[in-house]
Amino acid sequence: LEYCYQLIELIRSYDSFFSIGVAGFPEGHIDCPDKEIDSRYLKIKIDTGGEFVITQLFFNNKDYFEYLERVRKIGVTVRIIPGIIPITNYQQLLRFCKTCGATIPQRVHDIFKPLDGDAEATYKAGVQFTVEQCNELLEGGAPGLHFYTLNKVDPTREILNKIKR
């Protein structure tokens, strides 16, 4: 199989007891420089049987809300759940984003670069930043949140306890 929609077709051929989530890319897929084309690929995944979307991580909520507008205009109506990564290590963040193509806004650099090497300060700032990001997303209508925990439960637990409900 070469494309996601082919995997969805294969899964759907077995039975309907699977719930299928697909990946979405608010900033566009790293291998697809055109956001409109990338949006059409999402539509194909949904039309083939994808039932919800979990996005790649992002740090600028504007990217998520613009993505929603873009894909809603072409008929994608399923839940689009934002993917969130708590920032706990600045160098790890740089490497991770380079690999997946996510943009790190200047304001994130401004917060975390001066804290580089101070694990406790980075952790606290990361929790605070992520709480603010999550609150804005939920207040803007996000149907939920997906956390990329990287096997670090404590920051996610703390964030969940601080999010407005």
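The values are calculated or read from the model by the stated rules, or taken from the named source; none is laboratory data. Worth saying up front: this structure is predicted, and the values here are computed from it rather than measured. Cβ: placed from backbone, ideal geometry, glycine included. Neighbour counts: every protein chain shown.
Scanning the stretch 66-82 for residues that are of a type in the set (Ser, Thr, Tyr) and part of a helix (DSSP H, G or I) gives a single hit, 67. Scoring residue 141 on the criteria (1) at pLDDT 95 or above; (2) surrounded by 15 or more Cβ atoms within 10 Å (Cβ to Cβ) leaves a single failure, condition (2). With the condition kept exactly as written, say whether any residue in the stretch 110-121 is in contact (Cβ under 8 Å) with a residue 40 or more places away in the chain and either β-branched (Val, Ile, Thr) or part of a loop (DSSP other than H, G, I, E, B) (or both). So far as the stretch 110-121 goes, no, none of its residues is in contact (Cβ under 8 Å) with a residue 40 or more places away in the chain and either β-branched (Val, Ile, Thr) or part of a loop (DSSP other than H, G, I, E, B) (or both). Going by the structure shown, is residue 12 out of contact with any helix residue (DSSP H, G or I) (no Cβ under 8 Å at 6 or more places or on another chain) and part of a helix (DSSP H, G or I)? Considered against the rule, which asks whether it is out of contact with any helix residue (DSSP H, G or I) (no Cβ under 8 Å at 6 or more places or on another chain) and part of a helix (DSSP H, G or I), residue 12 comes out as no. Just name the residue that is surrounded by the most Cβ atoms within 10 Å (Cβ to Cβ) out of those in the stretch 73-91 that are out of contact with any strand residue (DSSP E or B) (no Cβ under 9 Å at 6 or more places or on another chain) and free of Cβ contacts under 8 Å to residues at least 60 places away in the same chain. In this case the residue turns out to be 87.
Among the residues of the stretch 16-24, are any under 25 Å from residue 93 (Cβ atoms), surrounded by fewer than 18 Cβ atoms within 10 Å (Cβ to Cβ) and not polar (S, T, N, Q)? Looking through the stretch 16-24, at least one residue is under 25 Å from residue 93 (Cβ atoms), surrounded by fewer than 18 Cβ atoms within 10 Å (Cβ to Cβ) and not polar (S, T, N, Q).
Taken over the stretch 33-51, the residue count meeting the criterion of being in a loop (DSSP other than H, G, I, E, B), more than 17 Å from the chain's Cα centre (by Cα) and surrounded by fewer than 16 Cβ atoms within 10 Å (Cβ to Cβ) is 2.
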